[in-house]
């Protein structure tokens, strides 16, 4: 070990039989099952986190509360990831928060988030008609 440099052991939370999630100093998390690295995700990378939750719960029936504690999320978040996986596979888990290629949240005047109409794949006349209908109300 170098003088003045400390080697910090990562923070591990265990789940099931031999699974753990390690939190590293740089804000990343590593998921291990039976000693093998399954994947790594960042603290703000929700899609990768949810896909890894689905991977971990796919092969064996583990207790969702243990997995939630290890991934530092609520049991409801784990349940939603599992439900999305069962309904549409890994793509449904990774694409959560988007509907048909556009943002899934609405802004204050009823439009779709901050996405541009080009992201929707709509022609300009259709978009103008949509915005006019919102303004007439």
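Every residue, every condition in (1) at pLDDT below 90; (2) in the same structural domain as residue 81 (by TED's automatic domain parsing); (3) surrounded by 19 or more Cβ atoms within 10 Å (Cβ to Cβ), yes or no:
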| site | (1), (2), (3) |
| --- | --- |
| 18 | yes, yes, no |
| 21 | no, yes, yes |
| 24 | no, yes, no |
| 30 | no, yes, no |
| 35 | yes, yes, no |
| 49 | no, yes, yes |
Conditions (1) in a loop (DSSP other than H, G, I, E, B); (2) out of contact with any strand residue (DSSP E or B) (no Cβ under 8 Å at 6 or more places or on another chain): number failed by residue 54: (1)
Count - residues of segment 60-70 that are out of contact with any helix residue (DSSP H, G or I) (no Cβ under 8 Å at 6 or more places or on another chain) and either free of Cβ contacts under 8 Å to residues at least 12 places away in the same chain or outside any helix (DSSP H, G or I) (or both): 3
Given (1) outside any loop (DSSP other than H, G, I, E, B); (2) surrounded by 12 or more Cβ atoms within 10 Å (Cβ to Cβ); (3) at pLDDT 90 or above, number of the condition residue 73 does not satisfy: (1)
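The values are calculated or read from the model by the stated rules, or taken from the named source; none is laboratory data. Here the structure is a predicted model, which means the values were calculated and not measured. No Cβ is skipped: glycine too gets one built from the backbone with ideal geometry, and neighbour counts run over all protein chains shown.
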